[in-house]
Amino acid sequence: MTKTFAFAFAGLASLATPVFAQSTPPTKLVVIDKVAIMQGSKVGQDVARQVQAIAKQAQTDLSAQGRSIQEEERTAVQQTAILSPDAKAKRMAGIEAKKRGLQAAAQKKDEQIKAGFFQARQQMEQALGPIVQEVVKEEGANIVVDKQAVVFATANSFDITQKVIDRLNQKLPTIKVDLNAPPPPQAPRQ
């Protein structure tokens, strides 16, 4: 009885295998390098240029304000001998308030730059999605892997990064970095 069951099971398994093999499409993998796309595309370079220019201008503005506050503090320290303790305390408190205000302004500007960059990157990724899908379909692929996840490869024929960059350059050559963008979502604190 056991031999009959084993033969019957083997017969069923042999019937099921061809059906399963026929329904599974062959695996075709393609690779994209998201970092190269973000850095090598016209829009990625444009966003980076804008963010650098904005950050440089912010640094110039804040440095000038910082030097002004330092000069005011030096003057106040030199005048300590002629000021009453109360006047000296008020003046130093005013200078400290300016320092805190400058720090707050620097933090706000940094957050604005980060939010603008985040929003621009989201717009890039929205444009990138359909482009990647289109190229993947053309290649007949059914798996897309980011190049950063590839440990070893002997050929680059499956890398579609340059095709994607070329199409992204045609579809979206620039994006305006908006400093009034909403801040990026933050991970919940634990």
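The values are calculated or read from the model by the stated rules, or taken from the named source; none is laboratory data. Just so it is clear, the model here is predicted, and its values are computed rather than measured. Positions of Cβ are backbone-derived with ideal geometry, glycine not excepted, and every protein chain shown enters the neighbour counts.
Things to note:
- Residue within the stretch 115-126 that is touching a Ser or Thr at 6+ places or on another chain (Cβ under 8 Å) and under 25 Å from ALA48 (Cα atoms) present: yes
- Meets criteria (under 15 Å from VAL30 (Cα atoms) and either in contact with a Phe, Trp or Tyr (Cβ under 7 Å, 6 or more places away or on another chain) or aliphatic (A, V, I, L, M) (or both)) for VAL177: no
- The condition (being among the aromatic types (Phe, Trp, Tyr), under 30 Å from GLN65 (Cα atoms) and surrounded by 11 or more Cβ atoms within 10 Å (Cβ to Cβ)) is satisfied by just one residue among PHE158, PHE117: PHE117.
- A single member of GLN39, GLN59, GLN50, GLN70 is surrounded by 15 or more Cβ atoms within 10 Å (Cβ to Cβ) and out of contact with any strand residue (DSSP E or B) (no Cβ under 7 Å at 6 or more places or on another chain), and it is GLN50.
- Residues satisfying the stated conditions in the stretch 150-170, i.e. over 13 Å from GLU138 (Cα atoms) and assigned to a loop (DSSP other than H, G, I, E, B): VAL150, VAL151, PHE152, ALA153, THR154, ALA155, ASN156, SER157
- Against the test of being surrounded by fewer than 17 Cβ atoms within 10 Å (Cβ to Cβ) and under 30 Å from VAL30 (Cα atoms), the options GLU111, GLU134 yield a single qualifying residue, GLU134.
- Residue list for the stretch 128-146, filter: assigned to a helix (DSSP H, G or I) and in contact (Cβ under 8 Å) with a residue 24 or more places away in the chain: LEU128, ILE131, VAL132, GLU134, VAL135, VAL136, GLU139
- LYS90 vs. criteria over 30 Å from VAL132 (Cα atoms), assigned to a helix (DSSP H, G or I) and modelled with pLDDT of 95 or more: no
- Of all residues in the stretch 151-162, those that are of a type in the set (D, E, K, R) have Cβ atoms under 9 Å from Cβ atoms of residues that are outside any strand (DSSP E or B), 6 or more apart or on another chain, in ASP159/ASP33; ASP159/LYS147; ASP159/ALA153.
- Residue list for the stretch 111-126, restricted to those being in contact (Cβ under 8 Å) with a residue 60 or more places away in the chain and either in contact with a strand residue (DSSP E or B) (Cβ under 9 Å, 6 or more places away or on another chain) or of a type outside the set (Asp, Glu) (or both): GLN112, ILE113, LYS114, ALA115, GLY116, PHE117, PHE118, GLN119, ALA120, ARG121, MET124
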